[in-house]
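The values are calculated or read from the model by the stated rules, or taken from the named source; none is laboratory data. Here the structure is a predicted model, which means the values were calculated and not measured. No Cβ is skipped: glycine too gets one built from the backbone with ideal geometry, and neighbour counts run over all protein chains shown. In case anyone asks, the SASA skips ligands and DNA or RNA and just uses the protein heavy atoms, side chains included. Shrake-Rupley method; radii C 1.70, N 1.55, O 1.52, S 1.80 Å.
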Amino acid sequence: MSVNTQKAALRKHLLEKRDATSAELREISSEKIHQNLKKISEYTNSQNIACYFPIGSEINTCDIMLDILGQNKNLLLPRIVNDNLQFCIVSNLEKLEKGNFEIMEPKDSCKKAEKIDCVLIPTVGVSKSGVRLGYGKGYYDRFLSLIDAVKISLTYSKQIVKFIPNDSHDVKIDWIVTEDENVKIS
Ligand code: ADP
Ligand code: MG
């Protein structure tokens, strides 16, 4: 079986599992993940933080985004330009509009980020060796290969799996933050 076929099967299984999370559990886990995230000094010391607007059963990042803004740090959110992620500085959540895939994106008036210290990454699945599974379009792999920033996967514990087949283009992450633990990838 090719790596792509294995990834596709695992992605389908993990998305089904994630979509089965109740709204209540999603909120409880998201709050715990926010608290755990704040225990990581590489995150708390960052001034320019890339986050993402949540979709579907993803971790709810709204409180994280509001907290970043409340601390007068730069909140960076992505929009898709020519099939690549471009992060922009968002001064408040009203500076967003519906973009590709019906995801909220920064408006054209938002300034492009010049510096990124830390990236919070949406995650379908991840292994403790730092291999991350996304939605299968490689957006984060392409973007992360271009920058030097602390890479943090936000995910439910149940999305951690023993093994994820990896391609040479897969960028390893530095930390996994779940509702139960923070895992530093060595
Ligand atoms: P995901 O990381 O979203 O789970 P994959 O790792 O399977 O998905 O990547 C999906 C596709 O994205 C790859 O087949 C490849 O074509 C493309 N891709 C990923 N990273 C790069 C890169 N650095 N340069 C060019 N294409 C890339
Ligand atoms: Mg990948």
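Along the chain, the exposed loop sites are GluC sites (Glu not before Pro) outside DSSP states H, G, I, E and B with at most 12 other Cβ atoms within 10 Å, and the longest stretch free of them is 1-113.
For the stretch 1-82, trypsin sites (Lys or Arg not before Pro) meeting the loop criterion (DSSP other than H, G, I, E, B) and having at most 11 other Cβ atoms within 10 Å: LYS39.
Using R0 = 25 Å, the C-beta based FRET efficiency linking LYS12 and ASN82 works out to 0.35. DSSP finds beta bridges in the stretch 3-180, and of those with both partners inside it, around 45 percent are antiparallel. Rolling a 1.4 Å probe across the protein heavy atoms gives the chain an accessible surface of 50 Å² per residue. Restricting the stretch 137-186 to chymotrypsin sites (Phe, Trp or Tyr not before Pro) that sit in a DSSP loop and have at most 13 other Cβ atoms within 10 Å of their own Cβ leaves PHE163.
On average, how much area does the Cα convex hull of the stretch 56-157 cover when viewed from any direction, in nm²?
Seen from a random direction, the Cα hull of the stretch 56-157 projects 6.9 nm² on average.
Label separation (LYS172 vs SER91): 4.1 nm, computed from points 7 Å beyond Cα along the C-beta direction. As a fraction of the 1.4 Å probe accessible area of the chain, surface on carbon and sulfur atoms comes out at 50 percent. Rounded to the nearest Hz, the phi-derived 3J(HN,Hα) couplings of the stretch 62-76 under the Karplus curve 6.51 cos²θ - 1.76 cosθ + 1.60 (θ = phi - 60°) are 4, 5, 4, 5, 5, 5, 4, 5, x, 8, 6, 9, 7, 8, 10, where x marks glycine and proline.
Could the peptides 81-88, 60-67 be put in order, highest first, of the mean number of other beta-carbon atoms found within 10 Å of their residues?
60-67, 81-88
By DSSP, the beta bridges lying fully in the stretch 68-170 are antiparallel in about 65 percent of cases.
With contacts defined as alpha carbon pairs under 8 Å and 6 or more residues apart, what's the relative contact order of the chain in percent?
Worked out over the chain, it gives 23 percent.
Checking the a/c ratio against 1.5 first, then a/b against b/c, what shape does the Cα gyration tensor give for the chain? Here the chain falls in the rounded category. Could you tell me the center-to-center distance, by alpha carbons, between the stretch 109-146 and the stretch 170-186 in angstrom? One Cα centre to the other: 13 Å.
Loop-located trypsin sites (Lys or Arg not before Pro) in the stretch 121-186 (DSSP state not H, G, I, E or B) with no more than 15 neighbouring Cβ atoms inside 10 Å: LYS128, LYS137, LYS162, LYS172.
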